[in-house]
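The next block holds one structure in the form of C-alpha cells; read it before the comments.
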Amino acid sequence: MHKILFVTPEAQPLIKTGGLGDVAGSLPKALAALGHDVKVLLPRYQALKTQGEVRFLCSLRVDNRNVNMLETRLPDSRASVWLVDYPAYFNYPGNPYVDERGTAWPDNAERFALLCKVAVEIALNRGYLDWQPDIVHCNDWQTGLVPALLALESRRPATLFTIHNLAYQGLFPASTAALLKLPGQLLKPEGLEFHGRLSFIKGGLVYADRITTVSPTYAREIQTPAFGYGLEGLLRHRQAVLTGILNGIDLEQWNPDTDRFIAQPFNAASLTKKPINKAALQARLGLPLNASIPLFGMISRLVEQKGIDLVLDCLPQLLKLPLQLAVLGSGDKGLERQLAEFAGAHPEQLAVVMGYDEALAHLIEAGADSFLMPSRFEPCGLNQMYSQRYGTVPLVRNTGGLADTVADALPGTLADNTATGIVFNEAAPGALLEAVKRALILYSQPDLWRKLQASAMRKDFSWQHSAQQYLALYQSIL
Ligand code: ADP
Ligand code: GLC
C-alpha cells in the first residue's frame, strides 16, 4: 500500500474548470479503490462544493503565517481531501485562476506558492499529522514548486509531476522569487528561471523524479518546437523519465445508463432510446425538433487550443450543410461574441450557450449525434471519450490524446469494427469542413453509423488500466 499525496489546484466534484478537475477527482478515487492511502491536497476556494463533514485537521506555520488545514472526503471514495484554508488568498468568489473578465488573479504566484509550501510541510511530516507520503504526485504549474523545494531535502518522498497542459506555465517576473522567499539555489537558468522570468512549471520539469503527461502522443509532441513552447529541449533532456499515460474517465459520472442529467437513460442494447435525448436537447436549446437532421455538439473552454477559430472560419459553409450545431462554452470574450453573432443569424441551425453548465454538458453528450473536437493541440481530452461511451461519434483532429483514443472510420477499420470516429489531420478550416462532410456521408448510411456507435460504446476508457500504470511508475521510483 502506498501513501500518496496528490497535489492539485482543482478536483471534481468539489471544484472544476476543465479536464484536470475530472482527472484529479477520478484518479485518486481509482487509486483508493485499489487499496492505497490517498490524500488530495487543494486550496479551500469559496466556490468549493464539499459534501458531508469538513473538520479541522491541524494548523501549519508557513513563512510566518498560520495556515489551517481542513479535512473532508472525496465523495463516493475512500480518499480524503485536505484543504488549505487561507482566506486572504482563497476565500473569494469565482474561478480558481481568473476573475470574471478572464484576467489572472494578481496574487496567483503567492496563492499557489502557498499550496506548494503546504505540500512540502506535509511531505516532510512537519505538520504533526503523523502521516508521511511515500509519493507526492503533482499536477500542472500550480504545483510545480513542490518537486523543486523537495529536491533540496535529503530525506524526502519521491516526486512525480504530471503535465496536463504545457501551454500554462505559471510565468512571473523574476522579482517574484524574492517575494515568495524561494531558495537561491533554485534561481538559475537550469532551475526555475525561464528567459529571465520565474517559471513554476519548470519546478516540475527540472526537479521531479518522474514526469508524465496525459497521452503517449502528447509526450512525444511536447519534445518538438511546435508543441514545446521553448521547453522542448529540457523535455528531450529528461526523456528517460518522461512518459505518457492516457487519462481514464469516471464510469459512474459518465454513464448513459444511469446519468441523472439526461432525459432518457440508454445503453448499447437500447440505443433506439438515444433520440429521446436528441429531442430534449433540441427543445432545451430552441432548435427545430428534427430527428433526422445530424446534430453536432461541442463543449469547450473557448480558447485557441480548442480550434474554435477553425469552426468559426468555416461556419458560413458549415451552415449551408443539412446539420445542427450545439455549442456550450465559455472563455475568450472575442470568440464568445463571434459565436453569439452567428447563432443570432442562424437560430434554426446553431445554438450557443455561454457559461459553465454541468447538466447541459451531459445532455449534449447524450443528445448529439456527433461531437466536434478540432483541437490545435490536446494533451488528452476527455469529451471524445465521454462521447464514445454515449454513442456520440467524435470528430477530432489528429493530435495528442485525440489521436490515441479515436480510430478513424476508414474502409479497413469499418470492416473490422474498430472505427470509432472521424479523424482529420490539418489544422485548417477546409480540413475540418471535409471531415464534417465525411461524417454526413457516414450518417446518411444508418447501418454504418450504428456500427461506429457500437464500436465506440464498446471501448474501455475506465481508470483500471491507467491507474495500474501510475502505480507501476510509483513503484519504480520508491
Ligand atoms: P480541457 O481540460 O483542456 O478543458 P478536457 O476535454 O480534458 O479539456 O476536459 C474538459 C472538461 O470540462 C470536460 O469534462 C468538459 O465536459 C468540461 N467542460 C468544459 N467546458 C464546459 C462548460 N462550458 N460547461 C460544462 N462543462 C464544461
Ligand atoms: C488539460 C488538457 C486536456 C486534458 C486535461 C486532463 O486541461 O487540456 O487535454 O484532458 O488537462 O488531463
Determine, for segment 268-458, the count of lysine pairs separated by eight or more sequence positions (or lying on different chains) whose alpha-carbon distance falls under 27 Å. 16
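Based on DSSP loop calls and a cut-off of at most 13 other Cβ atoms within 10 Å, the longest stretch of the chain free of exposed GluC sites (Glu not before Pro) is what?
Working: sites that count: E53, E100, E153, E190, E252, E348, E426.
Answer from the scan: 253-347.
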Kirkwood hydrodynamic radius, segment 179-231, all distinct C-alpha pairs: what's the number in Å? 12.4 Å
May I ask you to list the lysines whose Cα is less than 27 Å away from that of K117, ignoring any residue fewer than eight positions away on the same chain? K3, K16, K29, K39, K49, K181, K188, K202
Once phi is turned into θ = phi - 60°, what whole-Hz ³J(HN,Hα) does the Karplus curve with 6.51, -1.76 and 1.60 give for every residue of segment 426-438, x standing for Gly and Pro? 6, 7, 9, x, x, 5, 5, 4, 4, 5, 5, 4, 5
Ranking N125, N247, I299 by how far each Cα lies towards the positive end of the charge dipole of the chain (+1 on Lys and Arg Cβ, -1 on Asp and Glu Cβ), the top one is N125
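Can you tell me the mean projection area, over all orientations, of the convex hull of segment 1-92's alpha carbons? Units nm², please.
Numbers: hull surface 23.9 nm².
Convex hull of Cα atoms, orientation-averaged projection: 6.0 nm².
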Treating only the Cβ atoms of Lys and Arg (+1) and Asp and Glu (-1) as charged, compute the dipole magnitude of segment 372-432 about its Cα centre; round to the nearest 20 debye. 160 debye
Once you order the gyration tensor axes a ≥ b ≥ c over the Cα atoms, which shape class does segment 136-225 get: rounded for a/c under 1.5, otherwise prolate or oblate by comparing a/b with b/c? oblate
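Tell me, which longest segment in the chain has none of the trypsin sites (Lys or Arg not before Pro) that fall in DSSP loops with at most 11 further Cβ atoms within 10 Å?
Details: sites that count: K49, R101, R155, K181, R260, K320.
Longest gap between qualifying sites, sites excluded: 321-478.
Once you have the alpha carbon radius of gyration of segment 291-347, what is it after dividing by 2.2 N^0.38 Å, with N set to its residue count? Don't jump to the answer; show the numbers that get you there.
Numbers: Rg = 11.2 Å, N = 57, 2.2 N^0.38 = 10.2 Å.
Working it through for segment 291-347, the quotient is 1.10.
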Hey, what's the chain come to in accessible area per residue, 1.4 Å probe, Å²? 39 Å²
What's the Cα-based Rg to Rh of segment 406-461, Rh via Kirkwood? 0.99
Give the long-range amide H neighbours of L198: residues separated by 5 or more places, or on another chain, with amide H under 5 Å away, using H modelled in the peptide plane at 1.01 Å from N. F172, A174
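With both bridge residues required to lie in the chain, what share of the DSSP beta bridges run antiparallel, to the nearest 5%?
Bridges in the chain that DSSP calls antiparallel: roughly 30 percent.
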How large are Rg and Dmax for segment 370-478 when calculated on the C-alpha trace, in angstrom? 15.2, 55
On Cα atoms only, tilt of 358-367 relative to the major axis of the chain in degrees: 40 degrees
Would you check the accessible area of M298, probe 1.4 Å, heavy atoms only, in square angstrom rounded to 10? 10 Å²
Rg/Rh for the chain to two decimals, with Rh computed the Kirkwood way over all alpha-carbon pairs. 0.97
Show me the chymotrypsin sites (Phe, Trp or Tyr not before Pro) within segment 75-146 that DSSP assigns to loop and that have at most 11 other Cβ atoms within 10 Å of their Cβ. Y128
Would you mind listing how long segment 268-458 runs along its three principal axes, going by Cα atoms, in whole Å with the largest first? 44, 33, 30
Residues with amide H under 5 Å of L41's amide H, sequence separation 5 or more or different chain, H placed in the peptide plane at 1.01 Å from N; which? F6, V7, T8, W82
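Would you work out the relative contact order for the chain, in percent, from Cα pairs under 8 angstrom that are 6 or more residues apart? Please list the in-between numbers first.
Details: 979 pairs, mean separation 55.5, N = 478.
Relative contact order here is 12 percent.
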Does anything in segment 126-140 have its amide N under 17 Å from the 7 Å Cα→Cβ label point of T17, and if so which residues? 139-140
Volume per residue of the C-alpha convex hull in segment 83-212, rounded to whole Å³: 116 Å³
Out of the total accessible area of the chain (probe 1.4 Å, heavy atoms of protein only), what percent is carbon and sulfur? 53 percent
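The values are calculated or read from the model by the stated rules, or taken from the named source; none is laboratory data. Keep in mind it's a predicted model, so treat the numbers as computed, not measured. All Cβ positions, glycine included, derive from the backbone under ideal geometry; neighbour counts span all protein chains shown. For accessibility, only protein heavy atoms count, side chains too; no ligands or nucleic acids. Shrake-Rupley method; radii C 1.70, N 1.55, O 1.52, S 1.80 Å.
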